[in-house]
Amino acid sequence: MEKRHINYCGLGDSLTVGVGSNIFEKGFIGKYLFLTRKAFNQPIAPAVFARVGATTGDILKSFEHPLVCKTIKEAEIITITAGGNDLIDAAEQFLQNKKEEDFFIALENGKKNLSNIIQQIMTFKREAEPYIIRMINLYNPFPELKGSDKWVEAFNHDIEILANPPVIKVTDIHDLFLGKEKELLANDHVHPNTKGYHLIADSLHQLGYEPLIS
């Protein structure tokens with residue numbers, strides 16, 4: 001019997017929540033699912049597990065909830081936004097004690113957590129139908145802060161290492177946002193605005209949907 005819909009699961013932080021977009025849009029997810037629906041010519045059943053301020057550790061911990069595990073097992077498409085809050089927390093620590101060590105700790109923990117997140121998903125999906133994981137790397141909302149891009153790029157390097165095409169791909173929004181922060185960020189100067197989220201959705205869509213469809 002042919003499947004009637006595609007299951008989508010969004011995991012992550014405020015970018016997956018859609019903070020900064022207008023109230024009628026759900027961040028990048030609204031447009032991404034619209035584009036996905038057109039690509040498959042099938043309805044999409046979405047489930048989102050995300051919260052503002054979530055770190056990579058928080059996202060990993062969410063896998064302890066049975067509903068999250070069940071949804072991941074059933075999802076053909078999974079997107080992940082993670083890591084921004086790890087760096088923001090480290091930056092806040094650094095501003096207090098001026099120890100660069102806080103960034104190294106954030107990078108190490110983030111790398112370990114992201115690797116565990118992917119491993120857990122792959123364990124859940126061991127006997128599953130074809131699926132894809134799409135990760136979104138980090139842009140730098142504070143380009144004026146000297147040295148900030150060094151840590152963002154270091155974190156992005158650790159995200160990129162997890163890519164395993166065609167199943168796991170990373171979309172590079174760092175370069176898309178670079179130099180266009182005023183145009184693409186919301187009034188809080190941290191989160192994308194609707195235009196920024198649309199750019200993320202387009203970028204995800206351009207990664208394609210192999211091996212789900214060629």
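The values are calculated or read from the model by the stated rules, or taken from the named source; none is laboratory data. In this text, all values refer to a predicted model and were calculated from it rather than measured experimentally. Methodologically, a virtual Cβ is constructed for each residue, glycine included, from the backbone with ideal geometry; neighbour enumeration extends over all protein chains shown. SASA here: full protein model, heavy atoms, side chains in, ligands and nucleic acids out. Shrake-Rupley method; radii C 1.70, N 1.55, O 1.52, S 1.80 Å.
Couple of notes before you dig in:
- Matching residues, segment 182-199, being assigned to a helix (DSSP H, G or I) and surrounded by 18 or more Cβ atoms within 10 Å (Cβ to Cβ): Leu184, Thr194, Gly196, Tyr197, His198, Leu199
- Considering residues of segment 34-67 that are over 14 Å from the mean Cα position of the chain (by Cα) and of a type in the set (Val, Ile, Thr) only, the residue surrounded by the fewest Cβ atoms within 10 Å (Cβ to Cβ): Ile44
- For segment 8-33, filtering for residues that are open to solvent by 30 Å² or more (accessible area, probe 1.4 Å) and either touching a residue at least 12 places away in the same chain (Cβ under 8 Å) or within 17 Å of the chain's Cα centre (by Cα) (or both) leaves 8.
- Residue check, Leu204 buried (at least 19 other Cβ atoms within 10 Å of the Cβ), under 22 Å from Gln42 (Cβ atoms) and not β-branched (Val, Ile, Thr): yes
- Being buried (at least 17 other Cβ atoms within 10 Å of the Cβ) and over 18 Å from Gly57 (Cβ atoms) holds for only one residue in Lys150, Lys125, and it is Lys125.
- Looking only at residues in segment 1-59 that are in contact with a strand residue (DSSP E or B) (Cβ under 9 Å, 6 or more places away or on another chain) and hydroxyl-bearing (Ser, Thr, Tyr), the one that is farthest from Phe103 (Cα to Cα) is Thr36.
- The condition of being in a loop (DSSP other than H, G, I, E, B), under 24 Å from Thr36 (Cβ atoms) and open to solvent by less than 60 Å² (accessible area, probe 1.4 Å) holds for only one of Pro166, Pro141, that being Pro166.
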